[in-house]
Amino acid sequence: MANGNTQPTSEGGQQRRVPQPAEPSGGSRPQRAPHLRAESRPGVVQSGDGARAMVTRAQRRRAMQGQVTRRQLLRVSFWGFFTFSLTGGLGAFLSNFWPRGVTGFGGRIAVSAATVPEAGTDPAPVQIGKFYLSHLQAGQGTHAGFGEEGEEGLLALWWKCPHLGCTIPWRPGFPFEGVTGWFRCPCHGSTYTRGGIRVFGPAPRPMDTMEITVNSDGSLTVDTGKITKGGADNPLRTTTYG
Ligand code: FES
């Protein structure tokens, strides 16, 4: 009996059916290429019973929650390192400007008792502190109406000229207006008494003073970081000594 899979022939005057290859069950529908199959496309999964389901973005986002991605880890590491470096560098920079144990000019200077001059004698220079130690007798340090008279005591006079900053030396042999011994600026001639009172020259004010503390052993501590602008009251700023 002929079926749909045979072809008729006329060999020997009889018709014969030639067997044909059987068609696959389910018809002649072409197979889908592997790379186009549902399970290989992103966003599409094959369920256990073969039904396909789309995974929405919201579902994927929920699935990603709680997981630290490599990119997030790198980002956190970068900003952590950046912040650490910035604060460390800033701290090191600021610490350079923070005074710690300053010695020499700008800090506290120790002056031995042996260095303190007797009252009425020539002022003594203290090189490291850039000042003269002047021991005034009562009423000393003024001249011809310049300055206010004070009591006996010590003055620390910064040797920087208030005019343009030259260093002012004590000139024990320099005579001026009947007095011998003055602070005399070599730059423009400003002249000051042993109390730092300006009596001549272009300087705008008397010499500046520094804070003095007398210690129990007769030595001094002069704070060269605490400078007061010179004024007519310089002789009134003396620190009692002895
Ligand atoms: S700098 Fe001292 S008088 Fe000018």
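Out of everything in the stretch 76-104 that is at pLDDT below 80 and polar (S, T, N, Q), what residue ends up being farthest from Q127 (Cα to Cα)? Among those residues, the one meeting the criterion is S95.
May I ask you to verify whether P206 is within 20 Å of K226 (Cα to Cα) and either of a type outside the set (G, A, S) or away from the ligand (no atom under 16 Å from the Cβ) (or both)? So P206 passes the test. Here Q137 fulfils each of the conditions (1) over 43 Å from the mean Cα position of the chain (by Cα); (2) over 20 Å from T115 (Cβ atoms) apart from (2). None of A156, A138 is part of a loop (DSSP other than H, G, I, E, B) and either crowded, with 18+ Cβ neighbours inside 10 Å or more than 11 Å from the ligand (Cβ to nearest atom) (or both) except A138. Hey, among the residues in the stretch 164-184 that are within 16 Å of the ligand (Cβ to nearest atom) and assigned to a strand (DSSP E or B), which one's surrounded by the most Cβ atoms within 10 Å (Cβ to Cβ)? Out of the qualifying residues, it is F183.
The values are calculated or read from the model by the stated rules, or taken from the named source; none is laboratory data. Every value quoted in this text rests on a predicted model; they were computed, and no experiment measured them. Don't worry about glycine lacking a Cβ; one is built from the backbone with ideal geometry, like all the others, and counts go over all protein chains shown.
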